[in-house]
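First the structure, in the form of structure tokens, and then the observations on it.
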Amino acid sequence: RAPGPAVIGFIRPIVVIPSDILTGSSAMHLEHVLLHEMAHVQRRDPLRHLACLLLRLVYWFHPAIWLAHARTGTLREICCDDRVARCLHGRAGVGDYRRTLLEMARQLLNHVMQFSNFSVILKHFIEFTNELSVKFDVINR
């Protein structure tokens with residue numbers, strides 16, 4: 001079971017949304033999730049991710065590759081959030097999108113807490129906090 005929405009596939013990407021998000025979210029939240037995931041599709045992020053994975057496979061021993069892989073993942077998310085924020089800006093929905101991001105982070109953290117020990121939970125919490133603060137900075141522009 002996927003902990004959150006995702007785009008799967010390289011040639012013909014498919015947006016996958018877990019059933020609890022489909023049934024437990026408002027229409028507005030679902031719209032935000034779909035806009036975000038479709039931004040990944042439009043940007044061809046699955047292919048970019050594949051390229052990063054292949055580089056990591058070949059240069060598995062190099063720490064800079066591992067750091068670059070993590071950083072590019074964060075940048076892909078920030079770019080998609082920026083795209084959604086620009087799309088919603090004219091409709092005054094940026095604040096609602098922020099709330100959707102917080103709700104998705106909360107749900108993902110709850111999922112992690114079910115299957116992890118405290119140190120892993122703390123690590124994910126810190127990563128979420130840092131990532132959300134960067135996303136909010138981008139959205140505020």
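The values are calculated or read from the model by the stated rules, or taken from the named source; none is laboratory data. Just so we're clear, the structure is a prediction, and the values are computed from it rather than from any experiment. Positions of Cβ are generated from backbone atoms using ideal geometry, with glycine treated the same way; all protein chains shown enter the neighbour counts. Calculation scope for accessible area: heavy atoms of the full protein, side chains included, ligands and nucleic acids excluded. Shrake-Rupley method; radii C 1.70, N 1.55, O 1.52, S 1.80 Å.
Observations
- Accessible-area composition of the range 2-47, carbon plus sulfur, in percent [1.4 Å probe]: 65 percent
- Gain on full stretching of the segment that runs from Arg48 to Ile78 - 0.36 nm per residue minus C-alpha separation: 9.3 nm
- Heavy-atom accessible area per residue - the range 44-114, 1.4 Å, Å²: 64 Å²
- Projected label distance in nm at Ile11 and Ala27, using a 7 Å step from Cα toward the beta-carbon: 3.7 nm
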